[in-house]
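Single-structure report; data block below.
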Amino acid sequence: MDLTTQVLRDGLVFGSVLALVACSFNIIHRPTNVLNFAQGDFVMVGAMLAAVTMTVMGLPWLVGLALVLLGCAATALVEERVAVTPVLRRSMTSVSWVITTLAFSIIVENIIAKAWGPNPRTVPVPPGLSQDATDIGGALVSSYDVFVVVVAALILVGLELLDRTPLGSALSAVAEDREIAMLRGINPVRLTQRSFLLSGAIAGLAGVLVAPLVLANTSLAVQFLLPGFAAAAIGGLGSNRGALIGGYTIGLVQAAAAAQFAVAYQSAAVFVVLLGVLLLRPQGIFAPKAVRHV
Amino acid sequence: MSETSTNPRVNRSPSRGRNRALRLVPAAVVLLAALLFPSLVGFNAYWIAIALEVGIYLLVAYGVNLLFGYCGVPFLGMGALIAVGSYGTAILMTAHGWSFWTATLVCIPVVVLGGAAIALPSLRVSAWYFALISLSVNQIVQGLVTEWDFTGGFTGIVGIAMPTIGTYVLTLSDLLYVVVALNVVVVVLMSNAIDSRFGRALIAMRDSEEAAASIGVHTVGLRMVAFAVLSALCSIAGSFLSVVNQIVAPADFSVTFAIFFLVAVVVGGAGTKWGPLLGVLVFFAVPEFLDFLASWQQLVYGVVLLLLMIFAPKGLVGVVTDLASRTGLTRPRSVEPVEVGSPAETHDEKEGSGKPVLVESELESRDGGLVLDGICKSFGGVRVLDELSLTVPDKSIYAIVGPNGSGKTTTLNVISGFYQPDSGTVTLGGEGITGRPGYAVARMGVARTFQTPRILEQLDGLDNVLIGAYRDEKASMVEVLLNTGRARRERKALRARAHSVLRLLGADEVAATLGSEIPHGQRRLVEVARAIMSESRILLLDEPAAGLSPNEISQLTAALRTVSKLGMTVVLIEHHVDMVIEIADCVAVIDRGRVIAEDTPAVVFSQPEVMSAYMGV
């Protein structure tokens with residue numbers, strides 16, 4: 001086993017999951033300008049629901065997946081109803097949503113912890129795949145690793161295509177100016193709801209994908225919040241390509257920090273990289289520079 | 001508690017001395033209770049330790065109230081800052097034999113600078129970045145102090161001795177008195193700061209960043225000051241916690257610990273004077289008495305935070321004051337008493353360094369002539385301003401007209417520094433102002449109003465005018481904090497001046513009206529008054545007459561004449577041609593980012609190409 005190629009494998013696999021989380025941040029951010037503190041919780045809920053449906057209830061993988069995606073989408077919709085739309089209705093510019101989404105995240109995390117306890121749970125891989133690793137160029141790679149990387153990349157390509165449809169343009173219009181979009185017959189509230197549904201499902205998928213690798217547990221929420229957002233911010237908020245590259249970057253930084261120092265330095269390393277990018281290029285690598293509205 | 005009252009109309013009360021004394025009663029009661037607490041509980045160590053914790057947490061809560069409540073910046077890294085203060089003090093005392101007092105003092109700058117290093121990159125970007133990054137700092141610091149050897153790893157640092165003075169070892173109740181004294185100092189300094197121009201600037205910044213910049217507030221700088229105050233308070237709190245607990249361990253500084261402070265301030269009432277005290281007391285009293293709630297603590301935090309942010313953003317204080325003002329129990333806020341008389345009377349009581357009325361001579365000596373030369377500005381390939389040049393004579397009334405989308409507002413934004421032009425120069429009174437940020441341009445004497453009036457809803461009409469004098473007030477931060485004679489005199493004089501400016505514009509009836517209640521027509525006048533207050537050289541107005549009734553337009557026209565008579569140059573964008581013809585000395589017509597005519601109204605409006613571009617005839 002070669003350390004460098006192993007870091008590369010870890011970086012790509014976890015980076016793919018982070019890219020999905022980054023995208024789920026983007027999807028909500030576009031029509032609302034909200035960045036969601038509970039995004040990590042969707043990942044955690046996805047992993048925990050996968051453990052419940054696939055391991056405890058023994059449902060087939062695909063059925064379990066469908067239930068997980070529904071559950072995560074529903075959680076996201078609840079958040080939109082109770083924590084986001086009420087404060088956005090009062091003022092589009094206030095930052096109350098920072099606090100309300102944080103509050104929602106605390107609530108979800110504690111409900112899940114009360115319901116299923118703190119013990120990590122196993123989650124199976126899809127049928128036909130395995131986590132048995134073979135040595136490829138010095139790194140231990142399993143068929144499931146390849147699956148995770150491919151699925152994440154496909155989802156990102158799909159989102160990019162979605163952006164080019166009329167729905168994508170509508171999202172951009174709402175992002176630009178909610179009121180003017182409304183005048184053109186776009187219903188921003190419905191769009192906001194749809195983005196929460198999609199965002200919840202994608203973050204939930206990230207949870208299902210990562211669960212076999214790390215075991216499902218409640219601390220996943222915290223573990224994926226900062227790196228997932230860092231991936232989105234480094235890539236440039238709103239850019240799918242940026243999310244993928246940001247995801248890989250953060251994945252590699254985490255893997256390298258864990259291999260070089262200790263796991264405790266993982267978040268510190270991500271943090272330093274994020275602050276560095278913010279200092280040099282606050283808008284991220286792929287996003288256009290923001291125009292000030294007066 | 002009177003500062004959040006919502007009934008705007010009732011004016012000053014006759015017995016102000018007694019009122020001031022009455023206002024101090026609750027504070028005195030709280031102070032007395034705190035001082036008598038040790039003897040009331042029979043010097044029971046457990047209860048004194050609890051009281052100490054309340055006092056220490058309160059220090060942090062006041063800092064959080066300043067940064068989150070008054071500045072609107074959601075910071076969540078309190079756990080990390082307190083941890084650094086705690087560990088720093090503990091290590092210096094146990095491993096290096098320092099005294100508690102020097103260790104505490106040394107930790108403050110370390111925490112402030114460390115906090116600033118993390119805050120500055122994210123504070124520039126947005127509130128969310130700041131919130132997320134600060135939340136993550138808690139986990140990182142907690143992880144690192146567990147990892148490192150010199151911080152004692154998982155077990156932390158034990159055996160921290162009580163502070164000493166000479167050879168006398170302080171008891172827990174002595175420490176309580178020290179903490180109470182610290183609280184008094186913090187509360188007094190902070191309420192002085194909040195009542196000053198700095199406090200008004202903070203609120204202006206929270207409610208409208210652009211309004212703050214347009215009166216010359218360096219917004220990032222002021223936020224950093226508020227953040228430094230919070231950092232220092234966290235550090236001090238950390239130092240005291242280490243000696244009270246005699247042990248410092250990583251588990252004490254969890255994310256939940258940081259969130260506690262936010263929850264406490266939100267529960268009590270963010271941005272109110274009594275909020276932190278109420279919030280900390282509630283959150284201490286309840287869990288201490290209801291032990292079974294412990295395992296539900298976080299869930300309770302989450303639910304309470306969510307419900308309050310949505311239904312009662314002003315927390316308990318807000319609920320109480322709402323109820324009280326609805327039932328008529330409290331007298332609403334009175335404007336600081338200024339004898340209302342004619343401007344001449346006010347003039348007579350000129351005192352100190354303040355300026356009771358407008359100092360016209362000073363304005364007249366300043367050159368408010370404005371020259372734009374070859375300004376180009378593009379947005380994503382669309383050229384909005386194309387080699388735009390115009391000359392505004394000093395002390396004239398200059399109107400800019402043109403069809404929608406011709407670049408009028410962009411021109412104003414370039415002049416006031418909100419946009420930087422791609423090329424070309426802006427010169428004011430012979431000085432180049434191109435390339436300076438908005439607050440710096442404002443400080444050079446450029447005032448502006450916005451298409452939608454930027455009235456601060458939480459402040460009354462007079463305060464809304466007063467913030468115009470932000471860069472003009474002379475009293476330093478130190479004088480304001482100590483509420484020195486000079487600071488008091490200056491405040492009084494400025495209030496008098498703000499009153500006379502409002503009266504001059506015929507809008508003095510809104511002086512005591514809360515910003516959110518000021519009618520649309522008067523909002524514009526308040527903005528103009530704010531500009532006069534700032535003694536700027538030039539006033540830029542963006543469609544000031546939009547949405548006004550004919551009556552209000554004539555009031556506005558009179559106000560602008562007054563401004564001009566006072567010696568300020570006036571530049572306005574306006575669609576009401578009648579109004580332009582009536583008051584403008586000079587008119588520029590802009591079409592597709594270029595000036596197509598610049599002359600007196602009579603000449604300009606008789607040119608056929610102007611009529612075709614502008615009127616479509």
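For this structure, a couple of remarks:
- Size descriptors for segment B:524-617 (Cα atoms only): Rg and Dmax, in that order, 14.0, 42 Å.
- For chain B, the longest principal axis of the C-alpha atoms and the axis of helix B:197-207 are separated by about 80°.
- Inter-chain Cβ neighbour average for residues B:298-307, partner chain, 10 Å: 6
- In nm, spacing of pseudo-spin labels at B:I581 and A:R241 (7 Å Cα→C-beta vector): 5.6
- Fully extended contour minus Cα-Cα distance, from B:S254 to B:R561, at 0.36 nm per residue: 104.4 nm
- Separation of segment A:102-180 from segment B:489-525 is 56 Å, based on Cα centroids.
- FRET E, pair B:R594, B:Q451, Förster distance 30 Å, beta-carbon r, rounded to 0.05: 0.85
- Under the criterion of Cα pairs below 8 Å and six or more residues apart, the relative contact order for chain B equals 17 percent.
- Here B:I397, A:I250 are placed in order of increasing Cβ neighbour count within 10 Å, fewest first, which gives B:I397, A:I250.
- For segment B:461-569, the convex hull spanned by the alpha carbon atoms encloses 104 Å³ per residue.
- Sparse-neighbour loop sites [trypsin sites (Lys or Arg not before Pro); segment B:442-495; at most 16 other C-beta within 10 Å; DSSP]: B:K474
- The listed peptides B:556-567, B:26-37, B:215-226, ordered by packing as a protection proxy, come out as B:215-226, B:556-567, B:26-37 (highest mean of other Cβ atoms within 10 Å first).
- Cα-based shape type of the protein assembly as shown, given that a ≥ b ≥ c are square roots of the gyration tensor eigenvalues and the cut on a/c is 1.5: oblate
- Loop-resident trypsin sites (Lys or Arg not before Pro) (DSSP state other than H, G, I, E or B) in segment B:498-554 with no more than 15 further Cβ atoms inside 10 Å of their Cβ are absent.
- Rounded FRET efficiency, nearest 0.05, which uses the C-beta distance separating A:R281 from B:T164 and R0 of 45 Å: 0.30
- The dipole here belongs to chain B: it is taken about the Cα centre, uses +1 on the Cβ of Lys and Arg and -1 on the Cβ of Asp and Glu, and is about 1100 debye.
- Each of B:V137, B:V125, B:S173 was scored by the projection of its Cα onto the charge dipole of segment B:70-213, and the greatest displacement toward the positive side belongs to B:V125; charges sit on the C-beta of Lys, Arg, Asp and Glu.
- Where labels lie 7 Å past Cα in the beta-carbon direction, separation of A:L162 and A:R90 in nm: 3.0
- Modelled label positions at B:S606 and B:A440, each set 7 Å beyond Cα in the direction of Cβ, lie 4.5 nm from each other.
- Just checking the listed ones, A:N119, A:N240, A:N217: in the Gaussian network model of chain A with Cα springs under 10 Å, the one fluctuating most is A:N119.
- Assuming charge only on the beta carbon of Lys and Arg (+1) and of Asp and Glu (-1), the dipole of segment B:42-327 about its Cα centre is about 620 debye to the nearest 20.
- Counting Cβ atoms of other protein chains within 10 Å of each residue's Cβ and taking the mean over peptide B:516-524 gives 0.
- Cα-based Lys proximity count in the protein assembly as shown, under 14 Å, for pairs eight or more positions apart or on separate chains: 7
- Axis of helix B:520-533 versus longest Cα principal axis of chain B: the two differ by about 80°, to the nearest ten degrees.
- Adding -39500 (n - 2.57) for every DSSP H run of four residues or longer, then dividing by how many residues chain A holds, sets the calculated 222 nm ellipticity at -23500 deg cm²/dmol.
- Alpha carbon centroid spacing (whole Å) that separates segment B:34-86 from segment B:538-607: 56
- Between B:S516 and B:L307, the C-beta separation translates, for a Förster distance of 30 Å, into a calculated FRET efficiency of about 0.85.
- Average partner coverage of B:308-315, which counts Cβ from other chains inside 10 Å: 4
- Counting DSSP beta bridges with both ends in chain B, the antiparallel % (nearest 5): 60
- Summary of packing: across the peptides A:280-286, A:191-197, A:96-102, B:116-122, the per-residue average of other C-beta atoms within 10 Å ranks them, highest first, as A:96-102, A:191-197, B:116-122, A:280-286.
Every read-out reported here was derived from the displayed coordinates using simple, explicitly stated rules and does not represent laboratory data. For clarity, every value in this text was computed on a predicted model and none was experimentally measured. Every residue, glycine as well, gets a Cβ built from its backbone with ideal geometry; the counts of neighbours run over all protein chains shown.
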